[in-house]
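Laboratory data are not the source of any read-out in this text; all were calculated from the coordinates shown. The shown structure was predicted, so the numbers you read here are calculated from the model rather than taken from an experiment. Cβ sites come from the backbone with ideal geometry, for glycine too, and all protein chains shown count toward neighbours.
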Amino acid sequence: GQNIDQPTEMTATEGAIVQINCTYQTSGFNGLFWYQQHAGEAPTFLSYNVLDGLEEKGRFSSFLSRSKGYSYLLLKELQMKDSASYLCAVIMNTGFQKLVFGTGTRLLVSP
Amino acid sequence: EAGVVQSPRYKIIEKKQPVAFWCNPISGHNTLYWYLQNLGQGPELLIRYENEEAVDDSQLPKDRFSAERLKGVDSTLKIQPAELGDSAVYLCASSFGGETQYFGPGTRLLVL
């Protein structure tokens, strides 16, 4: 089976830094995605990690530890437009690659 | 480059009525996915196509849901008859092989 956990909701202030954690227990792990989803819109791709370590992309960074079943998404210099849900999704190798999503973390950025 | 296109964006129907959703994937993407997303939840896979072939439909409620991708490009997802619990957002995504999935805007279904 699979289990993906992330906090339901987080709040932060404009200009601050926030870290959204994701822990997972899956079989056949083949990588981890982070998606951003604004209310009423499609999930949009943010990052992909398959090896341990930090991937940096502008204000967003994502970290993976395969041995710990742990990832985080780091958002720097928060802007109001960063208020959205952030979805952690794990690729399971079930003969073919299957993407399994967590429930998402709703981030509210206040002035 | 055009993204994944879905229609309609919104649909309101009465229970027991049929409904259909359409998806046009990103050009060149051979893999197409239909997901269901309930409020406050992550997307859940309903069916995955590799070209015309449904390679994973294990989560598709086959008594009322059906899907097709006849020419390996566009796809249609149908519910007949719809139930109150089917109210959700239906997302289509596409990828080249099993690489990064790109999502369409979704169809928001309300069953009354």
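Does region A:62-71 contain any residue that is of a type outside the set (A, V, I, L, M, F, W, C), within 13 Å of chain B (Cβ to nearest Cβ) and touching an Asp or Glu at 6+ places or on another chain (Cβ under 9 Å)?
No, every residue in region A:62-71 fails to be of a type outside the set (A, V, I, L, M, F, W, C), within 13 Å of chain B (Cβ to nearest Cβ) and touching an Asp or Glu at 6+ places or on another chain (Cβ under 9 Å).
Out of A:39, A:89, which single residue is of a type in the set (Gly, Ala, Ser), touching a residue at least 40 places away in the same chain (Cβ under 8 Å), assigned to a strand (DSSP E or B) and within 14 Å of chain B (Cβ to nearest Cβ)?
None of the other options fit; the residue is A:89.
Of everything in region A:1-17 that's part of a strand (DSSP E or B) and over 12 Å from the mean Cα position of the chain (by Cα), which residue is nearest to the other protein chains (Cβ to nearest Cβ)?
So the residue we want is A:9.
May I ask you to list the residues in region B:36-52 that are acidic (Asp, Glu) and either within 19 Å of residue A:91 (Cβ to Cβ) or within 11 Å of chain A (Cβ to nearest Cβ) (or both)?
Those that are acidic (Asp, Glu) and either within 19 Å of residue A:91 (Cβ to Cβ) or within 11 Å of chain A (Cβ to nearest Cβ) (or both): B:44, B:50.
I'm checking my understanding of the structure. Among residues of region B:1-24 that are outside any loop (DSSP other than H, G, I, E, B) and not aliphatic (A, V, I, L, M), which one is surrounded by the most Cβ atoms within 10 Å (Cβ to Cβ)?
Per the criteria, the residue is B:23.
Could you please find all residues in region B:92-112 being crowded, with 20+ Cβ neighbours inside 10 Å and farther than 21 Å from residue A:36 by Cβ?
B:109, B:111
Going through region A:42-74 one residue at a time, which ones are of a type in the set (A, V, I, L, M, F, W, C) and either in contact (Cβ under 8 Å) with a residue 40 or more places away in the chain or surrounded by fewer than 19 Cβ atoms within 10 Å (Cβ to Cβ) (or both)?
Those that are of a type in the set (A, V, I, L, M, F, W, C) and either in contact (Cβ under 8 Å) with a residue 40 or more places away in the chain or surrounded by fewer than 19 Cβ atoms within 10 Å (Cβ to Cβ) (or both): A:45, A:46, A:50, A:51, A:54, A:60, A:73, A:74.
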